[in-house]
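Only one structure is covered here, and it is reproduced in the block below.
The values are calculated or read from the model by the stated rules, or taken from the named source; none is laboratory data. All values derive from a computational prediction rather than experimental measurement. Virtual Cβ from ideal backbone geometry, glycine too; neighbours counted across all protein chains shown. For accessibility, only protein heavy atoms count, side chains too; no ligands or nucleic acids. Shrake-Rupley method; radii C 1.70, N 1.55, O 1.52, S 1.80 Å.
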Amino acid sequence: ATEAAIVTMVLHIYALDAMYTGIDYCNKGDQDTYWWDDAVASLVGWAEGTETGGSVNNGFLFYNIAQYLCDVSDTCKDGGDSEINRLLMIALTEGKESLWALNCAAAESRLADVELILETVLVDLLAYFVEQISSNPVDEDSVSHGYIVATALVPLMTSYAAGAASTIETNLGSFGNRSADVLTDGKDVVFGALETFVTARGIDCNLLTRNVCVSVDDGVDDSSSGSENIVDNDVDFNVTNDGTSSPLLSGAYTPVSNVDDFIKLTEFLSAIEESATVEEGQSFYTKSEGNLSLKTVLPGRHKTHERTNPILNIYMYGLWTSEDGENENIGLSSKVFDNKELELFWDTIVSDELGKDSGYNALLTAETIRVVIMWISVTSYLYESIYDCREGSQPTTTHPVDAAAALWFGNHISSDISDGASLFAWAKRSENNFEDQSSTVNDEMVDRLNSLQESYEFCKAELNKQELSNKMRYDVDAIVRVMTIPLVQYFIVHLSAQSGIMGDSQTEDEVDYMILYALSVLPLISICDEEVFGKLYTELVTGARSYDPLKFSEILKTLQDRYPCLGLSCSDIGISVLSVSTDEVPCQDPASNPGIVGYEPTYGTSFEMSKIDLDVSTILSLVLMEAHDLAIDIYKYGRNAKKEDSISYTAIQDLSNPKSQIVTNIYDRFINDGVDYTRVTEA
């Protein structure tokens, strides 16, 4: 229901306001389609792609609603496209062309068409949920969605059919009263109210997939106008020894706190690499230095990490929706991955590696711990620094940025050496396998970690902690994207090896390396393309032993097409130097001004705006993982749609501030008893 509220109210009203703003500029003689392009991006989103017709079922925004309705009713046109979406894109394209020609009246006429089409979709969607509720009144999902869609539609109905609007409100929950009885007057009366509005508004019944346009009593006077308990052991893992740690990486980063216990974990990882038996490897996995061990470094502050780290929750969401998860909408404590507690997925993956039938492999075990536990732990401490700054909860001992740096650099000494167990050495080895990268991962990590440490220290004396923590949020997201580069590179290397692209015959362990990096990379794309995620998970994880090498090019292209979802580009990853293939898929970044399901925007900024759908999807995944505070953070501050200044995001909450007077008047109808229903944190 959260996703529905954002799409049908926040982004809906924003799109109207952006288009009216564009017309205001046109009336002033400004030949500009910037705002109109943004409106299209906010209605369609990035996940729909650039081709006419969109993705069929991968989208998250308004465009996907009509596609979903034609799918479930089997009314899609040839090619599987929604007729109403075809009309929508025609109106949007013609509106842009009219603005460019300074034919403002024609543009406004097309905007009126767009408004009517969007209201048509809302009517159809509400009718769909009314049918679902009528057949199953205890279906909480349909009841909550029906309430949201009614809340989005009723304010738009009042000017045309006030009595019908009252009927909808009464039967689908009054504003702010979701406990009210639902469909008390029955489905036919509600459909009658919708028909009254359809007639008054001039909606084409042929565009509706539900049978709304029949003569029934609407109940009103139509003359009216208008596993092991790691998580619960929430120990404070601040180190207790005094002083500060020595500089890391020969002075490249100087801690201001004592993180010796974190550095020691890299030594334990090195010991695992050299271990001869599974028992020896297990002993170093659980061995503690102070209060820390490789097994507990992530769950040690799990309660905080779950509140502050979107990456941790995205992994949980992806694995939960995978073939190895149990994708039922139940409480978090009951969610599972691989028949074990979802919240402990990292320990499950490591334990599976330790106990696999093919026998113990010390190097693969260490790699699993490094990638699954150490890597995610770095992200957790980075995001914790934002939380500490914003809340003013500066730790007395361990500095979270120092902890992240200690986990990344470990006991590594020379930046020129790629040997070693640290994440730094791991990234260095990956870099050696690729060329033509736009930057060096470890150089970026040194610079960005030092900058973040400075911001964190400055935050102690900063009065405007919210502004600084927002900057830190953007910086941390950038660091995590840099950290993701080696993950993707190793995924490509091991996929290539398993596909015979590197020339050598492969061992059983090579399959396990491919599985490991599939588990590390694929969940990160689950929020932008769940269908592709599920397909690749089946091919590369659960079905890895029967993987078809002939699918290499297809899989690589699929991954490359989703680099923008990861915040990456082809030049970030580079070109593998290990391949012996002459027909490896060339990577191509999106055009600087890519189309939106066939619509050709004038400005490239709409590409970033289109990625607001990734925020919507991320919020949904966080809500399902019960990370509600994090979901609110994404709603308030954004994560994917970069602004033109490239130092901040467009946030969904900020879109509820209309600029045009016409939309301000519409917007005011969504405010009831002082509650703004376009702000989902209030509703």
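If I ask for residues that are farther than 23 Å from GLY251 by Cα and of a type in the set (D, E, K, R), which ones from region 371-407 would you list?
Selection gives GLU384, ASP388, ARG390, GLU391.
Condition (residue is more than 30 Å from the chain's Cα centre (by Cα), in a loop (DSSP other than H, G, I, E, B) and over 23 Å from TYR68 (Cα atoms)) applied to region 136-143: is it met by at least one residue?
The answer is no; no qualifying residue exists.
For region 192-216, which residues satisfy the criterion of being touching a helix residue (DSSP H, G or I) at 6+ places or on another chain (Cβ under 7 Å) and assigned to a helix (DSSP H, G or I)?
ALA193, LEU194, THR196, PHE197, VAL198, ARG201, CYS205, LEU207
Can you tell me how many residues within region 414-460 are open to solvent by 50 Å² or more (accessible area, probe 1.4 Å), touching a strand residue (DSSP E or B) at 6+ places or on another chain (Cβ under 9 Å) and part of a loop (DSSP other than H, G, I, E, B)?
Of the residues in that region, 1 qualify.
Here is a yes/no grid of residues against (1) at pLDDT 95 or above; (2) assigned to a loop (DSSP other than H, G, I, E, B); (3) closer than 21 Å to GLU530 by Cβ; (4) open to solvent by less than 50 Å² (accessible area, probe 1.4 Å):
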site: PRO601; (1), (2), (3), (4): no, yes, no, yes
site: SER606; (1), (2), (3), (4): no, no, no, yes
site: VAL623; (1), (2), (3), (4): no, no, yes, yes
site: ALA631; (1), (2), (3), (4): no, no, yes, yes
site: SER646; (1), (2), (3), (4): no, yes, no, no
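Check VAL182, VAL189 and return the single one that is part of a helix (DSSP H, G or I), surrounded by 17 or more Cβ atoms within 10 Å (Cβ to Cβ) and either modelled with pLDDT of 95 or more or in contact with a helix residue (DSSP H, G or I) (Cβ under 7 Å, 6 or more places away or on another chain) (or both).
Result of the check over VAL182, VAL189: VAL189.
With a cut-off of at least 1 residues that are modelled with pLDDT of 95 or more, name the helices (runs of 4 or more DSSP H) lying wholly within region 252-323.
Ranges flagged: 260-273, 278-286, 310-321.
May I ask you to list the residues in region 528-543 that are among the β-branched types (Val, Ile, Thr) and closer than 19 Å to GLN560 by Cβ?
Selection gives VAL532 alone.
Do we have LEU122 as part of a helix (DSSP H, G or I), open to solvent by less than 10 Å² (accessible area, probe 1.4 Å) and in contact with a Gly (Cβ under 9 Å, 6 or more places away or on another chain) here?
The answer is no for LEU122.
Return yes or no: is VAL44 within 24 Å of ARG210 (Cβ to Cβ) and either open to solvent by less than 30 Å² (accessible area, probe 1.4 Å) or among the acidic types (Asp, Glu) (or both)?
yes
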